[in-house]
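**Student:** Have a look at the structure that comes next, please.
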Amino acid sequence: MKIVHTITELRAHLTQFKHPAFVPTMGNLHEGHLALIAQAKPLGDVTVASIFVNRLQFLPHEDFDTYPRTWDSDCAKLQAAGCDVLFAPNEQELYPEPQTFKVHPPTELADILEGFFRPGFFVGVCTVVMKLFACVQPRVAVFGKKDYQQLMIVRRMVQQFALPIEIVGGETTRAPNGLALSSRNGYLSESERAEAVQLSMALKGLAAVLKAGATDIAVLEAQAMKSLTARGWQPNYLVVRRRSDLQAPTPSDLLGEALVVLGAAKIGATRLIDNFEV
């Protein structure tokens, strides 16, 4: 695996390839990231991963400074997974001057759910993804479905800017008990980790009653929130949305519209997200 730290070196190396497949990450890699690498490998003639902890997508009170940075372990895992190129720029390389040009996704998609509780988050995501795309110039990029709203926003951004990149969604990788793998799971204590699966269980329960024909979505969402709160969680949202635009479904949508249930909640000091398509 070739490791490069500058845009110039990356572009020089990639000139010999025609169809890079790209997996952007913030490091602290787990099996979910490696599954995305495995998914990307047959989609291009070179597999590129990036590691960059993007300051632009962290709010002032969030964990940018303490976000786990596990360089040696990440490199070993990527090499074992068959990654060909690792692009690992520092902040000065990717943002040599203040990033005053930014990508602002539409408010109706970016200021709901995650964007409501983390204002400006998707501006930071879109800006860094656009910049990484400019550096790597991939023909396909793979993003995990665990970050469902992020995947949708990146896909829409690529469509609207007519970028020649296919965006592929990777299924959420889960622990044997059903907990969605996440870099932030490392913050959990042993007891919190055992409890953390309750978020996915609440969402699966919400999906199950929808499939069984329940229609009073507001009541169902409130019950799911109450059940987590009673267990000591601090839920931000557990909601039913249309897959097409992440808006709340109308009664007629329940007859045939593809839906998704999404949730975000804190257990202790750790905020987790998850979702299930219905």
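**Student:** Residues to consider are Arg241, Arg231, Arg174; find the one that is at pLDDT 95 or above, under 17 Å from the mean Cα position of the chain (by Cα) and open to solvent by 20 Å² or more (accessible area, probe 1.4 Å).
**Tutor:** One residue alone meets the criteria, Arg174.
**Student:** Could you figure out which of (1) free of Cβ contacts under 8 Å to residues at least 24 places away in the same chain; (2) under 29 Å from Arg242 (Cβ atoms); (3) of a type in the set (A, V, I, L, M) isn't true of Ala76?
**Tutor:** (2)
**Student:** Here is a check on your reading of the model: is Ala214 open to solvent by less than 40 Å² (accessible area, probe 1.4 Å) and in a helix (DSSP H, G or I)?
**Tutor:** Judged against the criteria, Ala214 is not a match.
**Student:** Another question about this same structure. Restricting attention to the range 67-120, and to residues there that are closer than 23 Å to Lys41 by Cβ and among the charged types (D, E, K, R), which single residue is least open to solvent (accessible area, probe 1.4 Å)?
**Tutor:** Asp74
**Student:** Also, I was wondering about something else. Take the range 235-271 and flag every residue that is β-branched (Val, Ile, Thr), more than 18 Å from Gln149 (Cβ to Cβ) and out of contact with any Phe, Trp or Tyr (no Cβ under 7 Å at 6 or more places or on another chain).
**Tutor:** Thr250
**Student:** Using the structure shown, decide if Glu166 is over 27 Å from Arg69 (Cα atoms) and surrounded by fewer than 18 Cβ atoms within 10 Å (Cβ to Cβ).
**Tutor:** For Glu166, the condition - over 27 Å from Arg69 (Cα atoms) and surrounded by fewer than 18 Cβ atoms within 10 Å (Cβ to Cβ) - is met.
**Student:** While we're looking at this one, here's another question. Please find, within the range 24-55, the residue that is surrounded by the fewest Cβ atoms within 10 Å (Cβ to Cβ) out of those that are hydroxyl-bearing (Ser, Thr, Tyr) and more than 14 Å from Ala80 (Cα to Cα).
**Tutor:** The extreme case among them is Thr25.
**Student:** Follow-up question, since we're still on this one. Can you find, within the range 47-62, the residue that is nearest to Arg118 (Cα to Cα) among those that are touching a Lys or Arg at 6+ places or on another chain (Cβ under 9 Å) and without any contact (Cβ under 8 Å) to a residue 60 or more places away in the chain?
**Tutor:** Residue satisfying both the conditions and the ranking: Glu62.
**Student:** Being under 21 Å from Asp274 (Cα atoms) and at pLDDT 95 or above narrows it down to one of Ala110, Ala162, so name that one.
**Tutor:** After ruling out the rest, the residue left standing is Ala110.
**Student:** Quick one: in the range 262-278, of everything that is assigned to a strand (DSSP E or B) and over 17 Å from Phe117 (Cβ atoms), which residue is least open to solvent (accessible area, probe 1.4 Å)?
**Tutor:** Phe276
**Student:** While we're looking at this one, here's another question. Taking the condition of being farther than 14 Å from Leu272 by Cβ and not acidic (Asp, Glu), how many residues in the range 232-247 meet it?
**Tutor:** Selection size over the range 232-247: 8.
**Student:** Mind listing whichever residues of the range 33-65 are under 28 Å from His104 (Cα atoms) and among the polar types (S, T, N, Q)?
**Tutor:** Ser50, Asn54, Gln57
**Student:** Would you say Arg184 is within 16 Å of the chain's Cα centre (by Cα), at pLDDT below 95 and either over 18 Å from Tyr237 (Cβ atoms) or not in a loop (DSSP other than H, G, I, E, B) (or both)?
**Tutor:** Here the answer is yes, as Arg184 does meet what is asked.
**Student:** Please find, among Gln150, Gln159, Gln198, the residue that is open to solvent by 10 Å² or more (accessible area, probe 1.4 Å) and either under 30 Å from Gln16 (Cβ atoms) or in contact with a His (Cβ under 7 Å, 6 or more places away or on another chain) (or both).
**Tutor:** Gln159
The values are calculated or read from the model by the stated rules, or taken from the named source; none is laboratory data. Treat the numbers as computed from the prediction; the structure is a model and nothing was measured. Counting neighbours? That spans all protein chains shown, and the Cβs are built from the backbone with ideal geometry, glycine included. The area values use the complete protein model at the heavy-atom level, side chains included, leaving out ligands, DNA and RNA. Shrake-Rupley method; radii C 1.70, N 1.55, O 1.52, S 1.80 Å.
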